[in-house]
Amino acid sequence: MSLSLRFQRLMHKQGVIAMGFLAPSVLGFSLFYLIPFVIGIVYSFMDKTSGGVFVGLANYETVLGSGSFRKAALNTLWFTAVGVPLLIVVSLVLALLLNGNVYFRRWIRTAYIFPLVVPVASVVMIWQIIFDWNGSLNAWLYGLGWGRIDWMKSEWARAVLLIVYLWKYVGYNMILFLAGLQGIPKDYYETADLEGAGPVRKLFNITLVYLTPTMFFVVLISIINSFRIFRETYLIAGNYPHDSIYMLQHYMNNMFMSLDVQKLTAAAVLMVICILAIVSSMLSLERWFRRFME
């Protein structure tokens with residue numbers, strides 16, 4: 001038996017074993033995510049779920065014409081457009097600081113990773129205590145002689161949500177940036193030092209350039225996480241929060257509570273299309289950058 005034939009049989013055997021290990025995950029993903037989503041797409045073109053008839057894009061026209069949906073979509077896009085760049089900047093600055101010889105570096109890393117391992121419901125209770133009308137923050141303001149602020153029932157709700165978003169995900173992004181920073185060869189910095197380059201020049205010409213692949217990945221993860229902020233918003237502000245933090249998931253959750261499955265699935269499909277468009281654009285930009293660097 002030739003060596004190439006043996007290799008092909010070995011690879012076939014390894015492939016069968018790999019598929020055996022992957023089968024439970026693929027089955028679970030198909031059963032609980034893929035198949036229900038496909039059924040949801042079908043429902044979005046029907047007038048009702050049981051014995052319905054095909055109505056084309058009527059459900060999508062109704063959803064797009066809804067003032068509640070437009071408000072939720074604009075709020076979600078605003079939060080992503082503001083929260084993601086802010087998260088990237090804060091995470092990168094912290095990663096740059098911790099990449100050096102900072103005192104208590106390990107303790108600081110642990111402190112920023114801690115929010116990732118604590119259940120969301122437990123954490124949100126702390127934020128409720130802080131930002132409630134009778135919470136600790138208003139108590140401090142009152143003690144300083146200032147008036148109380150209804151944080152979650154005013155425009156301040158956006159700021160509160162941004163703080164929770166940053167606190168929740170800055171540690172994860174920081175670790176990713178740290179991994180990228182430690183992967184940059186030290187020789188580049190030593191060469192730059194010999195040429196008399198300053199910290200700013202090294203930051204823009206070396207660090208940010210070679211950190212770009214990591215940056216793309218972190219931006220993608222941050223965008224996806226920004227669409228998941230509904231959990232924190234729902235636990236802090238309930239079903240009907242202030243208009244400024246009424247998100248797409250609130251709209252879909254309210255459609256589910258009223259059993260309006262057609263509008264719910266139509267809104268979900270539109271949301272998925274939006275996310276896929278953003279992710280595809282980011283991946284295309286990353287491929288262009290890789291070719292440019294080569």
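The values are calculated or read from the model by the stated rules, or taken from the named source; none is laboratory data. Every value quoted in this text rests on a predicted model; they were computed, and no experiment measured them. Reconstructed Cβ throughout: ideal geometry from the backbone, glycine too, with neighbour counts over all protein chains shown. Just the protein is used for accessible areas: all its heavy atoms, side chains included, with ligands, DNA and RNA removed. Shrake-Rupley method; radii C 1.70, N 1.55, O 1.52, S 1.80 Å.
Before moving on, here are some points about what is shown:
- Value of relative contact order over segment 221-294, rounded to a whole percent, pairs C-alpha under 8 Å and six or more apart: 19 percent
- Annotation: per residue accessible area for the chain equals 61 Å², rounded to a whole number [probe 1.4 Å, protein chains only].
- Helix-derived mean residue ellipticity, 222 nm - over the chain, DSSP H n ≥ 4, -39500 (n - 2.57), to 500: -24000 deg cm²/dmol
- Spin-label pair residue 126-residue 228: with each label point 7 Å from Cα along the Cα-Cβ axis, the two points sit 1.9 nm from one another.
- Here the accessible area of the chain is 69 percent carbon and sulfur, with a 1.4 angstrom probe and all protein chains present.
- Prolate/oblate/rounded call for segment 186-292, Cα gyration tensor, a/c under 1.5 rounded: prolate
- Subset of 48/71; 71/263; 71/153 violating a 19 Å alpha-carbon distance limit: 48/71
- Averaging the sequence gap over all C-alpha pairs within less than 8 Å and six or more residues apart, then dividing by the number of residues, gives segment 44-89 a relative contact order of 22 percent.
- Extension gain for residue 18 to residue 292 (0.36 nm times residue separation, less C-alpha to C-alpha distance): 95.1 nm.
- Where a label projected 7 Å from the Cα of residue 113 along Cα→Cβ would reach, residues of segment 125-166 with amide N under 11 Å: none
- Probe 1.4 Å, all protein chains present, accessible-area order of 160, 90, largest first: 90, 160
- DSSP H segments from the chain that extend 30 Å or more along their own axis, Cα-based, with Kyte-Doolittle mean of 0.5 or above: 3-29, 67-98, 156-182, 261-293
- Once the Cβ-Cβ distance of residue 139 and residue 96 is raised to the sixth power relative to R0 = 51 Å, the FRET efficiency obtained is 0.90.
- Solvent-accessible surface ranking, highest first, for 186, 71 at 1.4 angstrom: 186, 71
- Förster-model FRET efficiency, 30 Å R0, residue 156 and residue 70, C-beta, rounded to 0.05: 0.85
- Highest to lowest packing among 14-20, 216-222, scored as the average C-beta count within 10 Å: 216-222, 14-20
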